[in-house]
Each structure stands twice: as structure tokens, then as C-alpha cells.
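Heads up, the thing below is written out as C-alpha cells.
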Amino acid sequence: MNNVVKGYVLPGLPHLVLTPDANPGWKKVRQAMDRVRDEITALDADVLMIYSTYWPSVIGHQIQARPTPEWVHVDDEFHALGSVPYKLKVDSELAHAYVEAAKARKLQARAIDYHGFPIDTGSVVVSKLINPQNKLPCVIVSSNVYADRAETLVLGKAARDALEKQGKKAVAVIVSSLSNRIHTQKTEPKDDHIHSLKDQEWNLKFLEFLKEGRLEDVSQLSRQFHKEARVNKVANFKPFWWLAALMGQNNLYAGNVMEYQPIYGSGAAVISLTPSDKAARDLEFDESDPDSYSGERNVLGGTGEPALTQEALHE
Amino acid sequence: MGKGKIVAGILAPHPPHLVYAENPPQNEPKAECGWESLRWAYERLRRSLSTLEYDVLIVHSPHWRTNSGTHFLGVPHFKSISVDPVFPNLFRYHYDLKVDVDLAEKICQAAAQDGLETQMMRNKDFRIDYGTIVSCHLTNPEWNKPIVGISSCGAARYFNMDVLQAMMFKLGKATRKAVEESGKRVVLLSSNSLSHRHFTSEPELPEDMSHEHINNHNQYIWDMKMIDLMKRGRSKEIVDVLTDFTEQATAETDSGSLTWMLSALDFPTYPAEVHGYGTVIGTGNAVVEWREANV
Ligand SMILES: [Fe+2]
């Protein structure tokens with residue numbers, strides 16, 4: 001049974017909520033997000049499963065489990081745009097099942113249930129726009145700064161386990177820009193553009209693949225994309241690994257690039273992937289496909305305590 | 001009004017574990033104990049600062065990260081709860097703090113005049129990051145002085161450490177100039193760890209010290225090298241090797257906090273007082289005080 005009825009790639013910058021009219025491109029992205037909202041309403045789904053690159057974690061993988069987190073959010077960078085009040089509805093049962101499924105696959109994972117926990121900008125923005133009335137509950141999972149491919153694939157598979165166990169159907173969402181380099185100097189909305197030509201070229205390459213539904217190809221290209229079009233703040237560019245692992249690790253999708261525009265220099269794309277019978281391409285993949293996480297290989301050496309160390313090189 | 005002065009600069013790391021282990025009334029989670037070598041280091045720092053008159057703490061925090069230049073807290077009063085997004089089990093802290101907005105604006109202006117991208121943060125709903133809170137709390141738990149809060153610019157990731165350091169040299173100089181013109185006596189806080197590779201799991205009882213040690217020996221050797229330079233008053237050499245240190249020890253100096261502070265202190269040649277060193281979840285942390293009178 002396929003427990004994911006549709007997948008989305010969505011941007012998470014607050015401009016889309018607070019000032020969409022300031023730039024015609026931002027407005028288009030906002031309108032695409034509004035269409036996603038309408039599409040989701042028509043789907044037969046029980047939950048939104050969200051992986052946010054805007055929520056970093058260090059102690060394994062954190063999964064939001066508080067039933068109704070509520071706060072007024074202000075972005076660290078774009079505080080001048082204003083505040084975003086939010087109240088989310090979380091599928092707490094599924095969140096706990098996800099934690100258990102992750103642990104069963106030997107990942108470090110924990111449920112997060114604290115008053116005042118700072119839900120990240122990306123999750124707040126996406127929830128406000130595509131699920132404004134909380135018609136569907138959500139589950140949000142963090143992005144571990146040190147995690148690499150093996151760990152993230154296993155995290156995606158664990159999400160699938162949890163859905164299967166609870167017999168629930170999900171809309172899978174990754175909240176991430178494509179190229180993530182924003183303007184480092186004050187830039188008026190009217191002057192917005194993708195920060196560099198190289199970022200633009202790699203964004204277009206990824207969009208070409210996604211338009212054809214080639215999710216697994218994009219997943220396999222993530223390391224390259226990280227090198228070419230991402231500011232290296234974390235170990236690697238992970239969201240497509242999680243999404244591909246959750247959705248079945250293939251190219252069997254109908255892809256729809258609903259919009260693509262710059263938002264403050266970064267590449268903001270709204271993309272849907274609908275499971276289909278016809279594979280866009282059937283390539284032979286050369287990356288490994290782990291089912292459980294076997295921990296780091298103690299490359300930094302010395303401690304002899306693998307349970308307390310892990311892989312990847314820097315934040 | 002006399003000329004203002006930076007009276008001390010402190011390397012004041014911000015692991016939330018230290019506040020957790022002290023059990024102040026502001027923090028919701030309660031601990032049995034833990035990380036005493038660093039908490040005692042902060043005790044020695046506080047004893048040292050008790051002999052010093054100052055008006056304001058200026059803190060540069062790795063956990064308020066901005067990529068479009070340097071931002072400054074620009075609201076006079078903040079009251080809320082700060083929940084650490086990474087260690088929410090340890091740090092849910094009710095804060096009530098005052099900001100010296102006037103001084104913040106002066107530094108912001110001076111930095112802009114020197115060509116840096118700057119911005120005042122005027123949103124009253126803004127939540128203060130845990131780096132700022134932990135360093136300020138451990139330095140001055142009474143919270144009886146206003147603070148100036150400065151964001152860390154992500155230029156080390158956007159460009160490289162050399163670009164970031166060039167910016168922090170300017171920011172430090174602008175800070176010194178603004179402080180002198182303000183007539184105030186200030187203490188600077190560089191809120192960062194040294195080596196910074198964490199463990200990604202934590203014991204059932206976070207304060208179970210049988211699990212605490214440095215993440216890897218390479219980090220430890222680098223930390224000792226940096227501390228040795230501090231003790232010998234070799235600030236210029238610190239910034240010279242900081243690019244290598246940051247890369248090879250995954251150090252939190254990628255925030256620019258330490259470079260900013262050493263520049264603001266005009267690269268001291270006198271020895272710093274090392275109040276203590278310890279590890280927190282594998283990272284290396286030192287509490288260090290630069291104060292000319294110590295010479
Ligand atoms: Fe930190």
C-alpha cells in the first residue's frame with residue numbers, strides 16, 4: 001500500500017506570508033502555495049508529514065509531538081517583515097509512532113512536547129499557507145546538522161513505517177529552498193533575483209528532473225547539488241533523500257513545477273509529485289540503500305565508544 | 001561625560017547545560033548537578049567581575065545568526081521564555097531583560113560608517129536566543145545591567161573565515177569607538193565554545209558525568225593550543241590561526257564572536273586569565289577573561 005498520496009517541495013521564507021505583494025515573483029509563489037492548499041483539501045489524506053530544513057537538530061532527530069503548539073513567530077533574519085501568530089494541530093500519536101519507528105531502525109530520535117518550543121520559520125510559513133485551518137494534523141521532523149545520506153534515508157523509511165503501522169495516508173512535504181544563498185546586502189524587493197548564475201543553472205537542472213517526476217534521480221544528485229548550489233551550513237543537502245525514501249525511491253511520479261521564483265536571492269520552487277504507474281526514467285543507481293542506521297565509523301577516532309559518536313564532518 | 005571604556009572582555013561560552021545544572025528559578029527543567037569545572041570557572045569569573053564597576057554587557061551570539069550583515073537588539077525590554085531548539089529538555093528559561101538601545105544604535109551606526117551591512121532589530125515579539133541568555137546569565141545572574149545584543153553574521157559559511165574575520169575586525173573597532181563616545185564602562189562577552197563537534201546522542205540522565213569527555217583528541221589539542229596563546233597574550237596569533245582552528249576543530253569561532261572581541265580589545269598583548277576549561281556533550285569550552293589591570 002502506498003501511504004503517501006502526494007509529495008510537495010515548498011519554500012519556507014516569511015515573505016510569502018508577510019509581504020507577498022512586494023514583488024510580482026513572490027506573489028506568484030504565494031498564489032502557487034494557495035493552489036497547493038486547495039489541492040490538499042481535495043486529497044484523501046490523514047496527515048501532513050513535514051521535513052523542515054529550517055529546523056536543525058544535534059541530538060539525533062527531533063519530532064514535534066505537542067498537540068497544539070501556539071506562539072507568535074519572528075524570524076531571526078527577516079524580523080522587520082513582522083510577526084506570524086500560529087496555532088498548529090499535530091498528530092501526536094503518529095509523532096510518537098514515528099519516534100518508535102526511527103528507534104527500531106537504530107536512529108537516535110525523540111518526541112518534542114514543550115510549551116513555547118520555537119517551531120521553525122519554514123514549518124510555520126508552510127503550515128499557515130497550505131493548511132491555514134488545520135484541516136489536516138501535521139507531524140514535523142527536524143534536520144540533523146551532522147546527518148548524511150544513509151541516516152536520512154533511514155529516517156524517511158521510518159516515516160513510512162509509522163504511517164503503515166497506523167494505517168494513515170500522508171501528504172509528504174519538504175520545506176526547503178533549492179539554492180539557499182540569500183542577498184547579504186540590503187536588496188529592495190523589486191531588485192530581487194537568484195543570487196548567482198550558477199545557483200540559477202543548478203536550480204533549473206533540478207526543476208527539469210522534477211518536472212519529469214524523477215525524484216530518485218534528484219535524490220541521487222543531492223550531494224552534487226549541495227556542492228554547487230547550497231551554502232554549506234550543514235553536512236549535506238538532505239530533503240530529497242528523506243522524501244524519496246518516504247515515497248518509494250523511484251521515478252514513478254507525475255511532476256508539476258507549479259512555480260519557481262527568487263525570494264531574497266534564494267531559489268523558491270513549488271513542486272508537486274503525484275505517484276504514477278509510468279516511470280520517467282529507469283536508471284541504474286549506484287548509491288547504497290541502507291535499511292537501518294549502523295552508526296558512525298568513528299572516523300575522528302580515539303573514544304572507542306561508537307554509541308556516543310557519529311558520522312559527518314561539520315555543522 | 002568622560003571617555004567610555006571597555007573594562008574587560010570575556011570568552012563566555014553558552015552551553016545551556018551549565019544553566020540547567022545550576023538550577024536557577026528562571027529555568028524550568030531541574031538537574032542533580034553536572035559540568036562543575038565550567039560552572040566553577042564561571043563562579044571565579046563572577047568573583048573577579050564583582051571588583052569591577054561596569055554599566056553594560058555587550059554580547060555577540062553564535063545563535064542569533066543573520067546572513068544579511070550584523071543585527072542589533074533594538075527594543076528596550078524583552079520578557080518571554082527561551083526554549084533551546086536543540087536541547088529543549090534542558091533549557092526553557094524565563095527571561096526579563098533590558099537593552100541599552102542607545103549604545104546599540106551607536107555601535108550599529110559606527111559599523112555602518114565603516115562599510116558594514118547593519119540593521120537594528122525593532123520587532124517586540126522577537127525571542128532572544130539561548131546563546132545570549134546563557135552567557136549573560138552565567139556572567140551576571142542578577143540581570144541588573146542592561147545588555148547590547150549583537151547577531152553573528154554567517155559570512156564564514158557564505159564566503160570563508162578570512163572574509164568573516166575582516167568584517168569582525170571592523171565590527172570590533174566600531175564597538176570600541178562607540179563605547180568610548182558613550183562614556184560608558186562595558187564588559188564584552190564572546191559567547192562561543194572553542195572546539196565544537198558534539199555527540200549526537202545524550203545519556204538518559206543528561207548530567208551523568210560518566211559520559212562526558214572531549215569528542216576527539218584533535219579538538220582537545222587545538223583547544224589547548226588556543227588557550228596557551230590566550231595565556232601568553234598572543235591575540236594577533238590567535239586570529240592568524242583562527243581559520244585553521246575553526247576548520248580543523250569544527251570550532252564555534254565560525255560565529256566571529258571571538259574575533260570581534262579581540263578586535264574591540266585592540267588585540268591585547270597582556271595575558272588572559274583562564275578561569276577554567278571543560279567539555280559539554282563533547283565540545284570544548286573555556287571561560288577566559290581579558291582585563292588589562294591583571295597585568
Ligand atoms: Fe552554540
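The values are calculated or read from the model by the stated rules, or taken from the named source; none is laboratory data. Since the model is a prediction, treat every value here as computed from it, not as a measurement. Note that each Cβ is placed from the backbone with ideal geometry, even for glycine, and that neighbours are counted across all protein chains shown. With ligands, DNA and RNA removed, areas are computed over all heavy atoms of the protein, side chains included. Shrake-Rupley method; radii C 1.70, N 1.55, O 1.52, S 1.80 Å.
Any idea which of B:LYS145, B:LYS170 is open to solvent by 10 Å² or more (accessible area, probe 1.4 Å), touching a helix residue (DSSP H, G or I) at 6+ places or on another chain (Cβ under 8 Å) and more than 16 Å from the ligand (Cβ to nearest atom)?
Of B:LYS145, B:LYS170, the one residue that is open to solvent by 10 Å² or more (accessible area, probe 1.4 Å), touching a helix residue (DSSP H, G or I) at 6+ places or on another chain (Cβ under 8 Å) and more than 16 Å from the ligand (Cβ to nearest atom) is B:LYS170.
From (1) within 16 Å of the ligand (Cβ to nearest atom); (2) assigned to a loop (DSSP other than H, G, I, E, B), pick out the condition that doesn't hold for B:LEU205.
Result: B:LEU205 passes all but (1).
Can you name every residue in the range B:4-19 that is outside any loop (DSSP other than H, G, I, E, B), open to solvent by less than 10 Å² (accessible area, probe 1.4 Å) and either farther than 23 Å from B:GLY282 by Cβ or away from the ligand (no atom under 14 Å from the Cβ) (or both)?
B:ALA8, B:GLY9, B:ILE10
On the given criteria, is B:LEU103 open to solvent by less than 10 Å² (accessible area, probe 1.4 Å), closer than 30 Å to B:GLU22 by Cβ, within 16 Å of the ligand (Cβ to nearest atom) and away from chain A (no Cβ under 13 Å)?
no
Take B:LEU97 and decide whether it is more than 10 Å from chain A (Cβ to nearest Cβ), in contact with a helix residue (DSSP H, G or I) (Cβ under 9 Å, 6 or more places away or on another chain) and in a helix (DSSP H, G or I).
For B:LEU97, the condition - more than 10 Å from chain A (Cβ to nearest Cβ), in contact with a helix residue (DSSP H, G or I) (Cβ under 9 Å, 6 or more places away or on another chain) and in a helix (DSSP H, G or I) - is not met.
Can you name the number of the only condition in (1) more than 13 Å from chain B (Cβ to nearest Cβ); (2) within 19 Å of the chain's Cα centre (by Cα); (3) within 18 Å of A:ALA245 (Cβ to Cβ); (4) part of a loop (DSSP other than H, G, I, E, B) that A:LYS168 fails?
(2)
Quickly run through the range B:43-81 and pick out the residues that are within 16 Å of the ligand (Cβ to nearest atom) and either more than 8 Å from chain A (Cβ to nearest Cβ) or not in a strand (DSSP E or B) (or both).
B:VAL59, B:HIS60, B:SER61, B:PRO62, B:HIS63
Filter the range B:106-142 down to residues that are away from chain A (no Cβ under 14 Å) and not in a helix (DSSP H, G or I) and give me whichever is farthest from the ligand (Cβ to nearest atom).
Only one residue tops the list, namely B:ASP114.
Could you tell me how many of the residues in the range A:21-48 are open to solvent by 20 Å² or more (accessible area, probe 1.4 Å) and either of a type in the set (Val, Ile, Thr) or assigned to a helix (DSSP H, G or I) (or both)?
14
Tell me, please, whether a residue that is open to solvent by 50 Å² or more (accessible area, probe 1.4 Å) and closer than 28 Å to A:LYS186 by Cα can be found in the range A:84-96.
yes
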